[in-house]
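Presented below is the structure to which this report refers.
No value in this document is a laboratory result; all are computed from the given coordinates. None of the values given here were measured: they were computed from a predicted structure. Don't worry about glycine lacking a Cβ; one is built from the backbone with ideal geometry, like all the others, and counts go over all protein chains shown.
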Amino acid sequence: MKGRMCGLAALVLAVVALPAGLWAQKAEVVGTIVSPEIKMNGVSWDGESVWVITYQSSPLEWRIARLAADGSVESSFRVPVKSLDDVHNFGMSNITSDGDTIWANNWNEGIVYRFAKDGEILKSFKVPSVNQLIPVGIAFDGEYLWVLHWSDKNLYKLDRDGNELGKVSLRKLAPPPDMGLAWDGACFWVGSKGANRITRVTPEGEVKGFIKGPKAGGGIRDLAWDGEHLLVVYSQDSTIYKLRITE
């Protein structure tokens with residue numbers, strides 16, 4: 001009886017500890033894409049294929065690659081990153097796609113790049129109101145780009161020419177968002193790499209739920225949505241996790 005009461009008390013505490021309106025959602029790993037020969041640091045879906053940022057340390061090189069369903073690299077192109085060292089370097093931190101082109105955050109430069117799928121640089125820009133952008137997430141909602149800034153925890157809304165249209169504060173999220181962003185058609189998913197948590201928020205910044213990351217230990221690097229599933233990649237990992245989310 002005492003054991004049951006302790007368990008009940010723990011359950012009550014766990015429920016009380018959650019803010020009003022916030023609940024854990026269920027995330028089931030329904031598949032993986034494994035590419036053991038590369039280290040992945042970003043993930044996106046263009047409507048047909050998965051794209052990733054790849055990284056190698058010797059020699060230091062960053063590429064953006066399109067993967068086949070079995071994880072093999074179908075094509076890739078080198079991206080302009082000045083890697084200072086192998087440890088304190090995030091390089092191309094995240095990617096997204098508008099279907100026709102690839103957008104990528106350059107952490108080192110604080111610049112958003114737009115690439116053709118053959119690697120041609122079509123455009124690059126900063127967030128106009130931010131002196132030193134530290135981009136840790138990027139998503140495309142079908143019309144606009146959204147960039148997550150590490151320092152102020154704001155989501156910046158931009159058009160495809162880099163004009164700033166607004167911002168949404170995520171500063172009150174706990175744990176704070178610090179790596180990875182995806183748009184599922186109605187809400188954003190933002191990653192907290194140290195806490196290994198992914199939170200779902202509305203375009204107004206309202207929290208709608210959260211999940212635990214699929215890999216123990218944390219280190220979330222990027223997120224994407226493939227139309228049905230949340231895709232999760234961890235820093236310098238060789239696996240993309242495909243999650244089915246339920247309430």
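Numerical summary
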{"quantity": "Length-normalised contact order for the chain - Cα pairs under 8 Å, 6+ apart - percent", "calculated": "20 percent"}
{"quantity": "Phi-based couplings in Hz for the range 211-219 (Karplus 6.51, -1.76, 1.60; Gly and Pro marked x)", "calculated": "9, 8, x, x, 10, 5, x, x, x"}
{"quantity": "Lys/Arg +1, Asp/Glu -1 at C-beta; the range 22-246 dipole; positive extreme among LEU158, THR202, GLY110", "calculated": "THR202"}
{"quantity": "Using θ = phi - 60° and Karplus 6.51 cos²θ - 1.76 cosθ + 1.60, couplings along the range 221-231 (whole Hz; Gly, Pro as x)", "calculated": "10, 7, 9, 8, 10, 9, x, 9, 10, 8, 9"}
{"quantity": "Residues with amide H under 5 Å from that of ASN196, placed H, sequence gap 5 or more", "calculated": "GLY219, ILE220"}
{"quantity": "Folded to 0 to 90 degrees: helix 2-17 orientation relative to the chain principal axis, Cα", "calculated": "50 degrees"}
{"quantity": "Additional length obtainable on full extension of the chain from GLU204 to GLU164, 0.36 nm per residue less Cα span", "calculated": "12.8 nm"}
{"quantity": "Computed magnitude of the charge dipole of the range 22-246 (debye, nearest 20; Cβ of K, R +1, Cβ of D, E -1)", "calculated": "760 debye"}
{"quantity": "Over the chain: helical MRE at 222 nm, DSSP H runs n ≥ 4 each giving -39500 (n - 2.57), nearest 500", "calculated": "-2000 deg cm²/dmol"}
